[in-house]
Amino acid sequence: MKRFYSIIFILSIFFSFISTQSNAQNSDQKLYRIYVEEMSRIQNLEKTGVNIYNLNPGTFVEIIATAKQAERLEKEGFQIEFLAEDFNDLMEFSRLKASSEYHDHQEMVDEMTDVAARFPDITQLTQIGESVLGRSILCLKISDNPTEDEDEIPILICGAHHGNEVLSVEATLHQLNYMVDNYGVDDEVTYWVDNYEIWFVPLVNPDGREAVRRYNENGIDLN
């Protein structure tokens, strides 16, 4: 019986999806994701006046709500994540996820591996950890003596603590490529490489990047 009511609840969300899209056009209403496992808590959400437009049972609910409603839910102990201003922005997130214009995790790994292979004298590539789902977290050190721990000022440059901030991956990769390509060519770049230890971690949150969401797979904000 409990399962029957759960199915009815999910179907009611599905058939209300179209109408909730029009509600989201209200400038004061935005799209959020709430991480919640218990069905009873999900059902109680509708009593707060928010509109539920998507449901992943046992994991999260996606809602349309005002900023005040979202703030109230957060105070009540819900873990809430901002998704988008409206459905057009949400479609943009989907485009970022699938677009070949931006590096996904594997493409990032391939590019960093290639850079390390082409510039072995000034780079050292290491895996500093794994994501919840087992994706490698890579770090590329750039220095004139990359395998040594010299008495030089270290600089750490990270991208994508938040998985939906995909351009931070691109900016970090651009920076490291600029450094290796211009070493021995540009005097300023050469000085930095010779006198500093520069560490690049373009993708801190690979699971979040693959899902284009802020948090990691455990629902943790890595920032």
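So if I take the centroid of the Cα atoms in segment 101-139 and the same for segment 26-56, what is the distance between those two points in Å?
37 Å
Return the FRET efficiency for the residue pair D151, Q175: r is the Cβ-Cβ distance, R0 is 25 Å, and the value is rounded to the nearest 0.05.
Rounded to the nearest 0.05, the efficiency is 0.55.
So if we plug the beta-carbon distance of Q127 and V185 into 1/(1 + (r/R0)^6) with R0 = 30 Å, what FRET efficiency do we get, rounded to 0.05?
0.50
Calculate, in nm to one decimal, what Q106 and I220 gain on full extension: separation in residues at 0.36 nm each, minus their alpha carbon distance.
Residue separation times 0.36 nm, minus the Cα-Cα distance, leaves 38.8 nm.
How many nm is it between the label spots at A117 and E76, if each spot is 7 Å from the Cα in line with the beta carbon?
5.4 nm
Just to verify a number: FRET efficiency for L167 and K68, C-beta to C-beta distance, R0 = 22 Å, to 0.05?
Computed FRET efficiency for L167 and K68 comes out at 0.15.
What does the highest-first list of 50-62, 127-139 look like by mean Cβ count within 10 Å?
For the peptides 50-62, 127-139, the packing ranking is 50-62, 127-139.
No lab work stands behind these numbers, since they all come straight from the coordinates. The structure presented is a predicted model; accordingly, all values stated were derived computationally and were not measured. Cβ atoms come from the backbone with ideal geometry, glycine included; neighbour counts cover every protein chain shown.
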